[in-house]
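Structure record follows, encoded as structure tokens.
The values are calculated or read from the model by the stated rules, or taken from the named source; none is laboratory data. Keep in mind that what you see is a predicted model, and the values were worked out from it rather than measured. Neighbour counts are summed over all protein chains in view; Cβ atoms, including those assigned to glycine, are modelled from backbone coordinates with ideal geometry.
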Amino acid sequence: MKPYNNKNSPKKSQIRTMFNSISGEYDFLNKLMTFGSDTIWRKKIYEIAKKSDPKKILDIATGTADIALELSNIQNAQVVGIDISEKMLKVGEEKISKKRLMSKIHLQIGDAENIDYPDKYFDIISIGFGVRNFENLRIGLKEAFRVLKKNGKIIILETSVPKNIIVRFFYKIFTRIFIPTLGKFFSEDKAAYSYLQKSAEKFPSGEDFVLILQTIGFKNANIQEQLFGATSIYTAEK
Ligand SMILES: C[S@@+](CC[C@H](N)C(=O)[O-])C[C@H]1O[C@@H](n2cnc3c(N)ncnc32)[C@H](O)[C@@H]1O
């Protein structure tokens, strides 16, 4: 599904336009929409990544670089963050230079579906709330697989739909009202928040997403549900 009603414009360019338009408010609204849990999830990603003692990390769809910043706490690791939205990256660059982490994190414009790095280059790949925005999910995951070293780990944080029927009922009512209302109050771009809510409901989650990872070639996939199953952290290996 696409953010805007323009059928002729490809999803990727609509996604870029959308994130460019909400880049200034993204961090604030992300915190509100996740009830501040985003910080906890990033710490979990850090803990998982740290175990492999990685030297080269790629954060795909890095946006305002919060995951890249968290992962830069891993000793001796260099982090590359790529994103198609130059304005999201600009916010990220400002945070990195404020924290004087320019020597540890490198941000660049880059497309998940055509990654500008050689095969088997990275020890760890992270993708936070990025995969459901890809134009072609399978091509994006195949590219991640390609640039990951053998036995390297991919860590994906993504919205999911709770499995329990009662929780799912409340989840749907809540997100259908809460997220568009936040957009209405805090953003000029109402369509963006409607897209974020609807795409979260439609995106394959849980075992369905694991199946996709397995068809790409990933093994040892694992799901850690967060926030009553409204978000999941998936890990898998090459
Ligand atoms: C919801 S934001 C997530 C940002 C950050 N990872 C986080 O966890 O807060 C999604 C990001 O995915 C980026 N994105 C979408 N499709 C992409 C693609 N094909 N390649 C690279 N980045 C992409 C968007 O530009 C946007 O910055």
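Considering only the range 50-58, I want to know if a residue exists there that is of a type in the set (Lys, Arg), within 11 Å of the ligand (Cβ to nearest atom) and modelled with pLDDT of 95 or more.
Of the range 50-58, the ones of a type in the set (Lys, Arg) are 50-51, 55-56.
If we keep only those that are within 11 Å of the ligand (Cβ to nearest atom) too, we end up with none.
Looking for residues that are of a type in the set (Lys, Arg), within 11 Å of the ligand (Cβ to nearest atom) and modelled with pLDDT of 95 or more, one finds none in the range 50-58, hence no.
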Residue selected from the range 120-142 under the condition more than 16 Å from residue 205 (Cα to Cα) and touching a strand residue (DSSP E or B) at 6+ places or on another chain (Cβ under 7 Å), by the criterion surrounded by the fewest Cβ atoms within 10 Å (Cβ to Cβ)
120
Filtering helices (runs of 4 or more DSSP H) wholly in the range 117-229 for at least 2 residues that are in contact with a Phe, Trp or Tyr (Cβ under 6 Å, 6 or more places away or on another chain) gives 137-147, 165-186
For residue 93: the one exception among (1) near the ligand (Cβ under 8 Å from one of its atoms); (2) surrounded by fewer than 22 Cβ atoms within 10 Å (Cβ to Cβ)
(1)
Are there any pairs, at least 6 apart or on different chains, whose C-beta atoms fall under 7 Å, with the first in the range 111-136 and at negative phi and more than 13 Å from the ligand (Cβ to nearest atom) and the second small (Gly, Ala, Ser) and assigned to a strand (DSSP E or B), and if so, which?
122/152; 123/152; 124/152
Within the range 37-58, the residues that are surrounded by fewer than 15 Cβ atoms within 10 Å (Cβ to Cβ) and over 16 Å from the mean Cα position of the chain (by Cα) are 47, 51, 53, 55
For the range 131-154, give me each residue that is among the β-branched types (Val, Ile, Thr) and closer than 22 Å to residue 19 by Cα.
131, 139
Among residues of the range 1-16, those that are surrounded by fewer than 18 Cβ atoms within 10 Å (Cβ to Cβ) and either under 18 Å from residue 190 (Cα atoms) or among the basic types (Lys, Arg) (or both), counted
8
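Can you confirm whether residue 83 is more than 8 Å from the ligand (Cβ to nearest atom) and not small (Gly, Ala, Ser)? Even if it seems obvious, please write down each step before you answer.
Details: more than 8 Å from the ligand (Cβ to nearest atom): no; not small (Gly, Ala, Ser): yes.
Here the answer is no, as residue 83 does not meet what is asked.
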Could you check how many residues of the range 110-119 are in contact with a helix residue (DSSP H, G or I) (Cβ under 6 Å, 6 or more places away or on another chain) and surrounded by 11 or more Cβ atoms within 10 Å (Cβ to Cβ)?
4
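Considering only the range 9-31, I want to know if a residue exists there that is small (Gly, Ala, Ser) and on the phi > 0 side of the Ramachandran plot.
There is no residue in the range 9-31 that is small (Gly, Ala, Ser) and on the phi > 0 side of the Ramachandran plot.
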